[in-house]
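Since the structure comes first, as structure tokens, the remarks are kept for the end.
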Amino acid sequence: MMAFGVGIRKSFDLLLQPVWVRPVWVADFQHIPYIYLRKHYGTKIHRDMIRLWAGVDETHVKDRLLGEGFSIDEIPAILYSYLAKQNLAWLFQPSPDISEERIAQALTILQELIVSFIVIDRFVVMDRQGRPLDGARLSIEPPSGVEISYVSGGVFRLRLPASGTYRLRAEWTSPYGTTAKEFIDGTPAELQSKNSITLPVEDITIKTVDLDGRPVADAFVRFAGKDVGSTDSQGIIIVRQVPLDHSYVIIVTKEGIEIGSDRVQFTTSRTSATIQAGIYDVTVLVKGAAGQPIQGALVELIRGGTTIARTRTDDGGRAVFSRVVGSDYIVKATYEQFSSTASLPKGMRNAVVTLDIKTARLPEETRGTVVTPEKQGIEQSAETIIMGAAIGAALLLTIVFMVSRFRAGRRRRKPVLISVEGS
């Protein structure tokens, strides 16, 4: 390949001036290669020339060539020859100011200094669903000659030397204090084709159910110390973008009471968890002193001195409170002037309340039938009444019969005269 000389000039700055403003002797020397390169390779080759001259890429080519004994007048011709060779251009050598041997020597030095680069304008750090991770961090090993700039929203711009193999590391720290990390190896061309790196970050599904397996709605969930919201009608809440391969503490509360908790290790094969909450149904049986069920009694469920629910007993004397938050309760049963309470410790699902009601007064017109008073609802059987009356009648007849027999016996007795004669 032929290279061109530049002749004697005062500075390279003069060379960068347009042809029409340069001295004639400079224009005559330079117009052939200048026009040739511009025609075939456009202005890019001149921009590259300026970058090399100014040391934009931190290669410090000019200083190195000066240190190797090349003059300031020789360096422009050397740089143009290097760029022409890179672009397979043919240049003339219109001046003997620099020899072919000198050009070859300089090009050997440039090959060691100047490295071509690959630019990746958009390299994305994303989660397993392909969403960019805002605030991600990126590093490359070895770092020599590498430029990394953060664009926005998990997107980076990379500039790497075109040769060699690199390890690219990415990491992202979540609001829950855990960090996801990943790395990939490859040449700059391979990294450019991948264009992204995926971290082990995924959405987590948490479902809350009661002791009977029913979903618990409107329960507040605290995930790794952060309030993440409340469960929906299906007892489910989604926690977004959680780094995997870490364990997290989950606490569920309802009505200000903790109803369930667990520590769960999430992995790529486990991205959901079910929390069993201390919520259950409570059944209260209200009965009288004789054990008879009391229908229609008012039953109150009391926690911390406050009534949180109330209902009435059915015909079996039972009152049911559904989906009660596990806690210590007092149950109170009331019927007319009668009232009683019972303790219901946390976790106990059944209670019995006894009222001091022994029987029910029956109106004359309803004797011999089962009576359910308007409020009381005590079942008084006709059989019990008849049996009592029969026993009373039999006892009375027995007493009358015994008295009659006693009197009849006394009437049948006659006096006996005893005579005693003396001798």
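No lab work stands behind these numbers, since they all come straight from the coordinates. Just so we're clear, the structure is a prediction, and the values are computed from it rather than from any experiment. For neighbour counting, all protein chains shown are included, and Cβ atoms are generated from backbone atoms with ideal geometry for every residue, glycine included.
Lysine pairs in region 166-269 whose alpha-carbon atoms fall under 23 angstrom of each other, counting only those eight or more residues apart or on distinct chains, come to 5. Given a Förster distance of 45 angstrom, what is the FRET efficiency for H60 paired with R128, based on the Cβ-Cβ distance and rounded to 0.05? Efficiency, rounded to the nearest 0.05: 0.50.
Converting phi to 3J(HN,Hα) with the Karplus coefficients 6.51, -1.76 and 1.60 and the offset θ = phi - 60°, region 320-334 yields 10, 10, 8, 6, 8, 5, x, 6, 7, 10, 10, 10, 10, 10, 9 Hz in sequence order, with x at every glycine or proline.
If you take all other residues with their beta carbon under 11 Å from the beta carbon of L344, and give Lys and Arg +1 and Asp and Glu -1, the sum is +3. Based on the reciprocal of the average 1/r between different C-alpha atoms, the Kirkwood radius for region 279-354 equals 12.1 Å. Rg of the Cα atoms in region 185-339, relative to 2.2 N^0.38 Å, amounts to 1.60. Normalised by 2.2 N^0.38 Å, where N is the number of residues, the C-alpha radius of gyration of region 117-198 stands at 1.04.
Would you work out if region 201-276 is rounded, prolate or oblate? Take a ≥ b ≥ c from the square roots of the eigenvalues of the alpha-carbon gyration tensor; rounded if a/c is under 1.5, else prolate when a/b is larger than b/c, oblate otherwise. Since a/c reaches 1.5 and a/b is larger than b/c, the shape of region 201-276 is classed as prolate.
Counting beta carbons within 10 Å around each of I357, I279 and listing the fewest first gives the order I357, I279. Charged neighbours of V282, selected by a Cβ distance under 14 Å, balance to +2 (K, R count +1; D, E count -1). Given +1 at the Cβ of Lys and Arg, -1 at the Cβ of Asp and Glu and no other charges, the dipole of region 117-198 around its Cα centre is 80 debye to the nearest 20.
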